[in-house]
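The values are calculated or read from the model by the stated rules, or taken from the named source; none is laboratory data. Values in this document were obtained by computation on a predicted structure and should not be read as measured data. Don't worry about glycine lacking a Cβ; one is built from the backbone with ideal geometry, like all the others, and counts go over all protein chains shown. All accessible areas refer to the heavy atoms of the entire protein, side chains included, with ligands and DNA or RNA removed. Shrake-Rupley method; radii C 1.70, N 1.55, O 1.52, S 1.80 Å.
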Amino acid sequence: MDIEAQLQLIGSLLVKKGILPQSQLDELAQLLSTEEHAKSNFENILIEKELVTEEQLLRIYSDQFNYPFISLKEFTIEPSTVNDIPAKFANQNTLIALKKEDDQLTVALRNPFEINVLDDLKMFTKCDITPVLCLKEEIEEAIKTHYGVGAETIEKLVRAKGPETAAAEISSSTLDFDELVKDTSMVKYVNQLLFEAFEQRATDIHIEPFKDRLRIRHRIDGILYEANTPAELIKLQDAIISRFKIMSDLNIAEKRRPQDGRCMVSLNGKEVDLRLSTFPTLHGEGLSIRLLSRDSILLSLGQLGLSQNEYDRFQTTLKKSNGIILVTGPTGCGKTTTLYACMNYLNKVAINIVSLEDPIEYQLEGINQIQTNNKVDLTFANGFRSILRQDPDVVLVGEIRDTETAQIAMRAALTGHLILSTLHTNNAVATLSRLLDLGVEPYFLTHTLKCVIAQRLVRIICPECKEKYHPDGKLLQALGLSHEIPAFFKGNGCPECNQTGYRGRMAIFEVLFIDESLAHLINTGASQKELFDKARDNGMRSLQNDGFDKIKQGLTTIDEVIRVTG
């Protein structure tokens, strides 16, 4: 409908219902008569000017056309019915099939004025159409959920190759395959896939081929969730993987060996670094993609989540001119974020900071960052020796993996350097045993190691659906929390958190400061239990205790703390 038809139809209904006075409608008509607004949408203007809400409009249409107005949040859509309408038609007309009874198809739509759309539906579904009205946002969300990401684009690509094309045929014709990879629709689909993952706050995308389907999973807040994808996606498996290879300058002909690459993309106006890793499987190549956004990794020291006492002591330790500070924990627990916060805190003109990383997560202004490269024998150990000849004040070594690197770090700390690094241990006290196992002498350890931070990431309760609840009494008693915390919270699940009850993550910490009493125990060969007891006596809180404090603050749940701390 053109703007004049919208004015007559919708405007008259609004005046009739008393929502819009005739004088205001006349003013709008005069405004919209200009060439500037010739292609405007009258509904959008009404909503933008807050003269009416979308729901008010739909309820008026409901009365006028005798179509029920419903909310899809309270309606169960039959998955088998959805595919009665092609994804392209559903997207173009903002509608979705809800249920089918005999020859009666119920369809949720946004625009009741397009009568020809209902006629088209009746023609190609061979059903009588029962329309219901629904908010545009809810229909679009349902389309995305039930058809899968980029379903319309996939339909177009598969249709372009012909209905008889199988996955094997796609990869057998070099000419056709090259055209498919470079096709604007394939580029569009890959962009849609990345954008959808970024919008859901995914840190990783896993593209995994199986016998009869291509599975795509997103890691959101540390947990993997399967993305809904069109069934025909399997036919484009090789083309999708190859498109990502082209983006990251990998060899598209090499499918037998794993390959690693990276590229930078702009998603929703933000620069996102993609780390890609391909791997051969029984049913073809798979792909793992890490999404790294500057916003997610560059935190200040005060934003990490340390308690005030730990923060003050850690700040003092960072200001020392020499010593070693280690951050420990499993892969994906936020160690790099903590180390980058330390470097940002220390980053001043008067201080020379050099880092040796694998890989360099982000380029930091004012810091000399070096990427390890095993092809030219630039390992952590060899690179570390070279760095020490560059007059550094602070050195960040991505990880202490072996005895050689550990011993170089200890000597560097003794000769007036502050060393920051990571180690893979389960807790802070276990780091002491691990360093001794690597062959570090107790004397070196007690004179150089200043602080160990063990950390994990716990999910934060979604603020939109946060509510009080009463945990099981026996569980509280077992954890010693029966009288500690006055109120417990959890997320009930909502669209904002994808019904998980959680949105975002934060760190919990175990911070071990090496003092004289601990140094004495280390030198006398004390057991790990004795070291832990002494550290606790000195004020160290365990990971679980810090988690309990976060529960007390209403930030996370008991289940979440137990999940990450065991």
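Net length available on complete extension from ASN191 to GLU484 is 100.6 nm, with 0.36 nm assigned per residue and the Cα-Cα distance removed.
At the residue level, ARG219 shows approximately 70 square angstrom of accessible surface with a 1.4 angstrom probe and all protein chains present. For the chain, averaging the sequence separation of C-alpha pairs within contact (under 8 Å, six or more residues apart) and dividing by the residue count gives a relative contact order of 8 percent. Calculated on C-alpha atoms, the gyration radius of segment 181-283 divided by its Kirkwood radius gives an Rg/Rh of 0.93. Straight-line cross-link reach from LYS255 at under 26 Å between alpha-carbon atoms covers these lysines, not counting any fewer than eight positions away in the same chain: LYS161, LYS182, LYS188, LYS211, LYS235, LYS245, LYS375. Measuring max minus min along each principal axis, the C-alpha atoms of segment 48-156 give extents of 39, 29, 27 Å (largest first). Accessible surface of LEU378, taken over heavy atoms with a 1.4 Å probe and every protein chain present, rounds to 50 Å². The simple spin-label model puts a point 7 Å past each Cα toward its Cβ; for LYS468 and GLN56 those points are separated by 3.7 nm. Which of the lysines could a cross-linker span from LYS126 if the Cα-Cα distance has to be under 21 Å and same-chain partners fewer than 8 positions apart are dropped? Cross-link targets: LYS88, LYS99, LYS100. The alpha carbons of segment 327-449 stretch over 36, 33, 31 Å along the principal axes, in descending order.
For ASN538 and THR281, FRET efficiency with R0 = 60 Å and r from the beta-carbon atoms, rounded to 0.05? Efficiency at R0 = 60 Å is approximately 0.75.
Taking all pairs of distinct Cα atoms, average 1/r, flip it, and tell me the Kirkwood hydrodynamic radius of segment 508-566 in Å to one decimal place. The partial results should precede the final answer.
Details: mean 1/r = 0.0791 Å⁻¹.
Value: 12.6 Å, from the Cα pair sum.
With a Förster radius of 45 Å applied to the beta-carbon distance between GLU101 and ARG563, the computed FRET efficiency rounds to 0.55. Short-range pairs are left out: with C-alpha atoms under 8 Å and at least six residues apart, the relative contact order of segment 414-524 is 34 percent.
The Rg/Rh ratio of segment 370-516, with Rg taken over Cα atoms and Rh as the Kirkwood radius over Cα pairs, comes to 1.15. Secondary structure note: in the chain, about 65% of the DSSP beta bridges are antiparallel. Taking all protein chains into account, the per residue accessible area for segment 428-566 stands at 49 Å² (1.4 Å probe).
So if the hydrodynamic radius of segment 62-101 is defined as the Kirkwood radius over C-alpha pairs, what does Stokes-Einstein give as its diffusion coefficient at 25 °C and 0.890 mPa s, in µm² per second? Don't skip to the answer; put the middle values down first.
Values: Rh = 11.5 Å.
Once the numbers are plugged in, D ends up at 213 µm²/s.
Principal axis extents of the C-alpha atoms in segment 462-504 (largest first, rounded to whole Å): 34, 16, 15.
Net charge around ASN382, counting only other residues with Cβ within less than 13 Å of its Cβ (Lys, Arg = +1; Asp, Glu = -1)?
Values: positive: LYS375, ARG385, ARG389, ARG401; negative: ASP358, ASP377, ASP402, GLU404.
So the environment of ASN382 carries a net charge of 0.
Taking 0.36 nm per residue of separation and subtracting the Cα-Cα distance, full extension of the segment from GLN369 to GLU137 would add 79.0 nm. In summary, the lysines within cross-link reach of LYS550, defined as a Cα separation below 30 angstrom excluding same-chain residues under 8 places away, comprise LYS319, LYS320, LYS335, LYS450, LYS466, LYS468, LYS474, LYS490, LYS529, LYS534.
Compute the Rg to Rh ratio over segment 92-145 from the alpha carbon atoms, using the Kirkwood formula for Rh, and round to two decimal places. Before the final figure, lay out each step's value.
Details: Rg = 10.7 Å, Rh = 11.3 Å.
Rounded to two decimals, Rg/Rh equals 0.94.
Accessible surface for SER386 stands near 50 Å², nearest 10, in the context of the full protein assembly shown (1.4 Å probe).
FRET efficiency for the GLN390 to GLU114 pair, using the beta carbon distance and R₀ = 56 Å, is estimated at 0.20. Across all directions, the average flat footprint of the convex hull enclosing the Cα atoms of segment 271-397 is 10.2 nm². With a 1.4 Å probe and every protein chain kept in, tell me what percent of the accessible surface of the chain is carbon plus sulfur. Summing carbon and sulfur atoms, their accessible area is 47 percent of the total for the chain.
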